[in-house]
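Each reported figure results from applying straightforward, stated rules to the coordinates on display, with no laboratory input. Keep in mind that what you see is a predicted model, and the values were worked out from it rather than measured. Backbone-built Cβ (ideal geometry, glycine too); neighbour counts: all protein chains shown.
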Amino acid sequence: MPHRSTRPTRFVADAMLGSLARKMRALGFDTLYYSAGDDDGIMRIARSEGRVVLTADRSLAERARKGRASVLLISGKSDSRRLVSLLVAAKSSGVSLARGGPLCSLCGGDLQRMQRTDVAGHVPLSVERRHRLFFKCVECGQYYWKGSHWKKLRRLDRILAEVPVATIF
Ligand SMILES: [Zn+2]
């Protein structure tokens, strides 16, 4: 079989899945959060941008399927359960998953690695002293560091162990 490059899977999450959408970005999936909440709008974006719809709404999932949009029905009360249900749904509906590097959880922008000297004045002094590795979003300017939030993400990251990391050219 010829070698094929993969691209990170792109998603559009419905209004009920904002918290999952933020974590999906940090986990390396280009995920748009569609907060407006109308079914037609989210399906239009899914089709025009090649995004997989993530929804916890059974009737939207049904409509998306009929409208030939790729869709994963998400269940669960915590983001880790939602992530597990995403994997199960992807497998059963033949949606292949691939992820890229971590993205800004607020806006989906790329993250740039920063040195401690670069973040002085931008993060709390206690954070600056305790951490060595920092990132800054090139789009919105949000700073990130390996703190407690990071540990939570590591747990979610383990759920995704079997999802390949995309090769991007
Ligand atoms: Zn950002």
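Comparing F29, F11, F135 in a Gaussian network model of the chain, where Cα atoms under 10 Å apart are tied by springs, the biggest mean-square fluctuation is seen for F135. Of the beta bridges in the stretch 47-162, as assigned by DSSP with both residues counted there, near 75 percent are antiparallel. Spatial offset of the stretch 99-164 relative to the stretch 37-54 amounts to 28 Å, using the alpha carbon center of each. Mean separation of Cα pairs under 8 Å and 6 or more residues apart, divided by the residue count, gives the chain a relative contact order of 24 percent.
The P(r) of the stretch 18-169 has a tail past 22 Å containing 46 percent of all C-alpha pairs. The Rg/Rh ratio of the stretch 105-169, with both radii computed over alpha carbons and Rh defined as the Kirkwood radius, is 1.02.
For the listed residue pairs K91/K152; K23/K151; K23/K66; K23/K77; K23/K146; K77/K151, the alpha carbons are over 18 angstrom apart in K91/K152; K23/K66; K77/K151.
Distances between every pair of Cα atoms in the stretch 78-139, grouped in 10 Å steps from 0 to the bin holding the largest one, split as 18, 31, 27, 18, 7 percent.
Loop-resident trypsin sites (Lys or Arg not before Pro) (DSSP state other than H, G, I, E or B) in the stretch 57-131 with no more than 10 further Cβ atoms inside 10 Å of their Cβ: R68, K77. Note on the stretch 26-169: dipole from Cβ charges, positive end direction compared against S85, S35, T55; the farthest Cα belongs to S85.
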